[in-house]
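Below is one structure, written out as structure tokens; the observations come after it.
The values are calculated or read from the model by the stated rules, or taken from the named source; none is laboratory data. Everything quoted here is computed from the prediction, not taken from an experiment. All Cβ positions, glycine included, derive from the backbone under ideal geometry; neighbour counts span all protein chains shown. Areas reflect the complete protein model, heavy atoms only, side chains present, ligands, DNA and RNA absent. Shrake-Rupley method; radii C 1.70, N 1.55, O 1.52, S 1.80 Å.
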Amino acid sequence: MNLQDIPRVKTITKEDFIEKYFKPQKPVVIERFIEGWPAYSKWNLEYMKQVAGHKTVPLYDDRPVHHKDGFNEPHAKMQMADYIDLLKAEPTKYRIFLWNVLKEVPELQDDFTFPDFGLRLMKGLPMLFFGGENSSTFMHYDIDLANIFHFHFEGKKEIILFPQTENRYLYKVPHALITHESIDFSNPDLNQWPALKNAKGYKTQLQHGEVLYMPEGYWHYMRYITPGFSMSLRAIARKPRNLGTAFYNVLVMRYYDQFMRKLKGQDWIDWKNEQAIKRTNKLVG
């Protein structure tokens, strides 16, 4: 695929961030922005086991979408202590995503501060994401098309991003936030998915303490090279078109998809996957 390295800076001022990355909507990795946070030295898997081991957490894997799956419905649940033991013991596809750290373990708020990037961050929604070795997400974008700051802790993580301008090449599934679920973006078969050769995106690997800025509505694929976890902070979309799409996704698209799953069953999921291929081939053919 046509992927360029995401630009990197050691640290950055609010003014430079706004001018060089937010306004042009370009991603950036900030390598040493959070070294003053207690979380920088404290947050690792063992610490999370210590402070949240008693919590029951929702787990997700990379199984194909099924019509009976609810929106963001977990595939399994486990005690956090047991999950972290699993991460350390062996590769697992199970991931935690959208785990609200303030709601579940309020004392973790003492370990970080909300940074001033010049954007108003949604302070009630710091989310944690955990994954085992070689676990990954589908290529997707967030339902609210928010600006996302992704703070990585422990381990190494592979990231691939595409802006919304590349939709026509990505085999986007209609009435959904994902690309065709059969594509392995870490090693795609370009004979099977030839349109991907035209898509222009970005790539990087995140290490402990690094921060990735993902602009509004960016597609993102994440693969845990080693077990680890990250925290995301978000700011509402500013572009009117993205804000309008966010409202449509939340208020219309999500419920229409749920209705069609109940009405058509697995035929609806299969039709959407077929349409992802047909529409992409038509657009690039």
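Numbers below:
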{"item": "Karplus (6.51, -1.76, 1.60) ³J(HN,Hα), θ = phi - 60°, over region 139-153, in Hz, Gly and Pro reported as x", "result": "5, 7, 10, 7, 4, 9, 6, 6, 6, 10, 10, 10, 9, 9, 10"}
{"item": "With all protein chains modelled, accessible area of residue 186 [1.4 Å, Å²]", "result": "50"}
{"item": "Reachable aspartates and glutamates, given that their alpha-carbon falls under 16 Å from the alpha-carbon of residue 203 and they are not under 8 places away in the same chain", "result": "5, 31, 158, 166, 184"}
{"item": "For region 137-247: relative contact order, % (alpha-carbon pairs under 8 angstrom, 6 or more apart)", "result": "53"}
{"item": "Of 26/239; 93/172; 26/200; 77/264, pairs whose Cα-Cα distance is over 18 Å", "result": "93/172; 77/264"}
{"item": "Cross-link reach list, aspartates and glutamates versus residue 272, counting only Cα pairs under 14 Å and skipping chain neighbours closer than eight places", "result": "181, 257"}
{"item": "Cα principal axis extents for the chain, largest first, Å", "result": "51, 43, 36"}
{"item": "Extension reserve of the residue 191-residue 16 stretch, reckoned as 0.36 nm per residue once the Cα distance is removed", "result": "58.9 nm"}
{"item": "Accessible area of region 98-167 belonging to carbon and sulfur atoms, whole % at 1.4 Å probe", "result": "51"}
{"item": "Highest average packing first - 1-14, 138-151, Cβ atoms within 10 Å", "result": "138-151, 1-14"}
{"item": "Sequence-separation-based contact order of region 93-155, relative, with Cα cut under 8 Å and 6+ spacing, percent", "result": "46"}
{"item": "Residues whose placed amide H lies under 5 Å from that of residue 173, excluding near-sequence neighbours", "result": "178, 179, 180"}
{"item": "Three-way shape call for region 57-146 based on the alpha-carbon gyration tensor, with the a/c threshold at 1.5", "result": "oblate"}
{"item": "Mean residue ellipticity (222 nm) of the chain, computed from DSSP H runs ≥ 4 via -39,500 (n - 2.57), nearest 500", "result": "-7000 deg cm²/dmol"}
{"item": "3J(HN,Hα) from dihedral phi, region 225-235, Karplus parametrisation 6.51/-1.76/1.60, rounded to Hz, x for glycine, proline", "result": "5, 10, x, x, 7, 9, 10, 10, 10, 9, 10"}
{"item": "Solvent-accessible heavy-atom area per residue, rounded to whole Å², over the chain at 1.4 Å", "result": "47"}
{"item": "Centre separation in Å (Cα based) which lies between region 217-285 and region 72-110", "result": "23"}
{"item": "Alpha-carbon spread of region 1-103, three principal axes, descending order, Å", "result": "43, 38, 28"}
{"item": "For region 5-151: relative contact order, % (alpha-carbon pairs under 8 angstrom, 6 or more apart)", "result": "24"}
{"item": "Cα-based shape type of region 82-206, given that a ≥ b ≥ c are square roots of the gyration tensor eigenvalues and the cut on a/c is 1.5", "result": "oblate"}
{"item": "HN-Hα J in Hz across region 29-45 - Karplus 6.51, -1.76, 1.60, θ = phi - 60°, x for Gly and Pro", "result": "9, 10, 7, 10, 7, 10, 5, x, 6, x, 4, 4, 9, 8, 7, 8, 4"}
{"item": "At most 11 other Cβ within 10 Å, DSSP loop - GluC sites (Glu not before Pro), region 1-93", "result": "35"}
{"item": "Rg and Dmax [Cα atoms of region 188-285; Å; Rg one decimal, Dmax integer]", "result": "17.5, 46"}
